Amino acid sequence: MQEVLVLGAGYAGLKTVRNLQKQAGDFHITLVDRNDYHYEATELHEVAAGSQPKEKISYPIRDVINPKKVTFIQDDVVKVNPEESTVELKNSGTLHYDYVVVSLGFCSETFGISGAKENALQMVDINTAENIHNHILHMMEKYRETKDKNYLRLLICGAGFTGIELAGALVDERKRYAKLAGVAEDQIEIICLEAATRILPMFDDKLAQYGVDLIQKLGVNLMLGSMIKEIKPGEVVYVTSPDENAERHSIDAETIIWTTGVSGSPIMGESGFAERRGRVVVNKDLRDPKYDKVYILGDVSALIDPETNRPFPTTAQIATRMGAHAAKNLARQLNGEKTEDFNYKSLGTVASVGNTHAFGLVGKSKVKGYPASVVKKSIMNKSLVDIGGLKELLAKGRFDLYH
């Protein structure tokens with residue numbers, strides 16, 4: 001019996017297992033993840049703000065795998081040894097595989113900025129997102145004791161997709177924070193600091209500007225062209241000019257959240273794959289260029305877009321589709337057939353700014369405002385069905401379309 005090992009139960013890994021377990025054949029699947037649940041990584045900002053509990057964006061892995069075909073091991077992956085076809089786990093020893101799917105996800109990227117790791121809150125998984133929410137609540141209570149305005153200031157480092165969605169979710173919860181602190185809602189200050197002067201590169205100028213206007217209209221102080229140089233405890237140091245000797249400015253805040261960038265898992269480098277920032281440029285069939293029994297998917301994978309000659313952005317959408325394609329190619333390889341190339345066309349991108357505001361592209365059509373927020377929730381629901389099935393959609397789906 002052939003052994004297929006899947007590392008990581010994020011969008012790509014779990015989709016691979018879900019699709020492959022439906023195939024007939026003389027093979028067994030082992031799935032490894034450090035958690036016993038799958039979570040919707042695209043919704044972490046809602047847990048961080050406290051607009052959704054963690055239970056709403058996660059479900060047990062065992063609920064969606066077929067125990068006759070799949071063994072689940074909760075453990076940390078330490079290293080992949082592609083030359084020996086083995087994987088080392090932290091507690092369960094060494095596993096041997098005939099085929100492996102590496103979908104180990106992302107970690108926060110600090111770009112060497114001093115103090116970013118130590119003095120800013122990261123948002124990379126459910127625990128760190130929940131930690132942000134608890135921290136904010138604690139700061140509101142501290143304000144009651146001290147009347148120090150720095151406790152009311154929520155500072156987001158980075159105005160990429162994640163930063164903007166987080167800012168919108170914080171706006172939604174501002175009333176609740178204010179009540180805890182015993183202040184008026186407008187005293188809760190939300191600041192978003194970003195090095196670029198033009199944000200949201202996936203959208204054209206007009207749509208990106210709509211997003212900027214929307215964020216500012218909701219009361220977020222969006223500071224573009226502000227390059228972070230250092231993060232000290234309770235203080236962010238930045239410059240507004242690329243000049244070596246540019247004057248340094250700083251903002252004090254007791255809540256500093258880092259959303260500036262991500263890289264693939266460091267295990268890729270430690271395992272000797274040809275990676276850059278934890279991502280491996282894969283062949284068109286999603287396999288590693290050197291090892292034909294190794295698939296690399298999701299955040300640890302760099303798939304080159306033939307139109308731009310740059311890697312596609314890592315999104316839940318591409319990760320899920322990679323998982324479905326890898327399952328198809330694995331079934332072919334297990335049957336002694338040739339693999340097929342993966343062709344990707346984005347179905348669109350929608351950014352939510354709070355519960356009832358959003359904007360983005362669906363196909364080539366622009367969507368804005370409330371209708372876009374309905375589209376965004378439909379995308380979340382589609383993801384639940386894709387990976388968790390109908391049962392998870394009914395339990396966790398977003399049907400709050402009217403408020």
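Do we find that residue 155 is open to solvent by 10 Å² or more (accessible area, probe 1.4 Å) and touching a residue at least 60 places away in the same chain (Cβ under 8 Å) in this structure? So residue 155 fails the test.
When we screen 14, 20, 5 for residues that are surrounded by 22 or more Cβ atoms within 10 Å (Cβ to Cβ), out of contact with any helix residue (DSSP H, G or I) (no Cβ under 9 Å at 6 or more places or on another chain) and at pLDDT 95 or above, the only hit is 5. For region 41-48, indicate whether the set of residues that are at pLDDT 95 or above, β-branched (Val, Ile, Thr), open to solvent by less than 30 Å² (accessible area, probe 1.4 Å) and within 28 Å of residue 156 (Cα to Cα) is non-empty. Taking every residue of region 41-48 in turn, at least one turns out to be at pLDDT 95 or above, β-branched (Val, Ile, Thr), open to solvent by less than 30 Å² (accessible area, probe 1.4 Å) and within 28 Å of residue 156 (Cα to Cα). Please go through region 61-77 and give me each residue that is crowded, with 19+ Cβ neighbours inside 10 Å and not in a strand (DSSP E or B), ordered by number. Within region 61-77, 61, 64, 65 qualify. Taking region 253-270 as the range and being in contact (Cβ under 8 Å) with a residue 40 or more places away in the chain, crowded, with 16+ Cβ neighbours inside 10 Å, closer than 14 Å to residue 102 by Cβ and not β-branched (Val, Ile, Thr) as the test, the residues that pass are 264, 265, 268.
When 45, 38 are checked against the criterion of being within 16 Å of the chain's Cα centre (by Cα) and assigned to a strand (DSSP E or B), 38 stands alone in meeting it.
Table: residues versus (1) among the polar types (S, T, N, Q); (2) open to solvent by 50 Å² or more (accessible area, probe 1.4 Å); (3) modelled with pLDDT of 95 or more; (4) not in a strand (DSSP E or B).
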| site | (1), (2), (3), (4) |
| --- | --- |
| 201 | no, yes, no, yes |
| 243 | no, yes, no, yes |
| 272 | no, yes, yes, yes |
| 291 | no, no, yes, yes |
| 307 | no, yes, no, yes |
| 313 | no, yes, no, yes |
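Which of the residues belonging to region 114-124 are open to solvent by 40 Å² or more (accessible area, probe 1.4 Å) and within 15 Å of residue 262 (Cβ to Cβ)? Correct list: 117 only.
Candidates in region 274-287 are the residues that are farther than 19 Å from residue 76 by Cα and not in a strand (DSSP E or B); of these, the one that is most open to solvent (accessible area, probe 1.4 Å) is 284.
State which residue is surrounded by the fewest Cβ atoms within 10 Å (Cβ to Cβ) when the search covers only region 315-350 and only residues that are at pLDDT 90 or above and of a type in the set (D, E, K, R). So, considering only residues that are at pLDDT 90 or above and of a type in the set (D, E, K, R), the one surrounded by the fewest Cβ atoms within 10 Å (Cβ to Cβ) is 338.
The values are calculated or read from the model by the stated rules, or taken from the named source; none is laboratory data. Remember, predicted model here, so these are calculated numbers, not experimental data. As a convention, Cβ positions derive from the backbone with ideal geometry for all residues, glycine included, and neighbour counts pool all protein chains shown. The area values use the complete protein model at the heavy-atom level, side chains included, leaving out ligands, DNA and RNA. Shrake-Rupley method; radii C 1.70, N 1.55, O 1.52, S 1.80 Å.
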